[in-house]
Amino acid sequence: MNLTHIEHIGIAVRSIDEARKYYEDVLGLKCYSVEEVADQKVKTAFFKIGQTKIELLESTDPEGPIGKFIEKKGEGIHHIAFAVDGIENALQSLEKDGIRLIDQAPRRGAEGLDIAFLHPKSTFGVLTELCEDKNK
Ligand code: ZN
């Protein structure tokens, strides 16, 4: 498998408008994109540090995955995303290694990336996302 870098860290927040003040005014990062991903019931905001991004996730529906996460665990780190070359092959190889996949095949995520999630039960408690930018 060819992981190249940490693509982003996903952080669940109650309010992007509130949280972005910290990232922008205190940490001095710039929000370069706000995007709603309707099928995930989230609004996302992206900040860049080097080649890694911070992805803030605000739920648009209490029944969505981020709504439920915050209800159970509160705000905080939600997932880590690795950039990979060849996401289909990576998923096949993970499955062969007995890793539980949430997404059997890649789907379209924020920023037009192909993404797939691995189950935290197979990854020592860390919800893990693989991403591939096929437009680059
Ligand atoms: Zn993500």
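The values are calculated or read from the model by the stated rules, or taken from the named source; none is laboratory data. Every value quoted in this text rests on a predicted model; they were computed, and no experiment measured them. Heads up, the Cβs are rebuilt from the backbone with ideal geometry, glycines too, and the neighbour counts pull from every protein chain shown.
At-a-glance table
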| quantity | calculated |
| --- | --- |
| Subset of segment 52-107 [within 30 Å of Arg20 (Cα to Cα) and among the aliphatic types (A, V, I, L, M)] | Ile54, Leu56, Leu57, Ile66, Ile70, Ile77, Ile80, Ala81, Ala83, Val84, Ile102 |
| Residue list for segment 1-39, filter: within 15 Å of His78 (Cβ to Cβ) and in contact (Cβ under 8 Å) with a residue 60 or more places away in the chain | Ile6, Glu7, His8, Ile9, Gly10, Ile11, Ala12, Val13, Arg14, Val37 |
| Residues located in segment 76-109, provided they are surrounded by fewer than 17 Cβ atoms within 10 Å (Cβ to Cβ), more than 16 Å from the ligand (Cβ to nearest atom) and not basic (Lys, Arg) | Asp85, Gly86, Glu88, Asn89, Gln92, Ser93, Glu95, Asp97, Gly98, Ile99, Gln104, Ala105 |
| Candidate set: segment 16-72, residues that are over 14 Å from Ala110 (Cβ atoms) and of a type in the set (Lys, Arg); chosen: the one surrounded by the fewest Cβ atoms within 10 Å (Cβ to Cβ) | Lys72 |
| Test: residue in segment 112-120 that is within 12 Å of the ligand (Cβ to nearest atom), closer than 16 Å to Leu3 by Cβ and not in a strand (DSSP E or B) | yes |
| Failed condition for Leu3, given (1) touching a Phe, Trp or Tyr at 6+ places or on another chain (Cβ under 6 Å); (2) surrounded by 14 or more Cβ atoms within 10 Å (Cβ to Cβ) | (2) |
| Segment 42-54 residues that are over 23 Å from Lys68 (Cα atoms), paired with ones that are away from the ligand (no atom under 12 Å from the Cβ) (beta carbon under 6 Å, 6 or more apart) | Phe47/Tyr23; Phe47/Leu29; Phe47/Cys31; Gln51/His5 |
| Check on Ile77, touching a residue at least 60 places away in the same chain (Cβ under 8 Å) and either part of a loop (DSSP other than H, G, I, E, B) or under 15 Å from Val13 (Cβ atoms) (or both) | yes |
| Which listed residue is away from the ligand (no atom under 12 Å from the Cβ) and modelled with pLDDT of 95 or more, from Lys53, Lys48 | Lys48 |
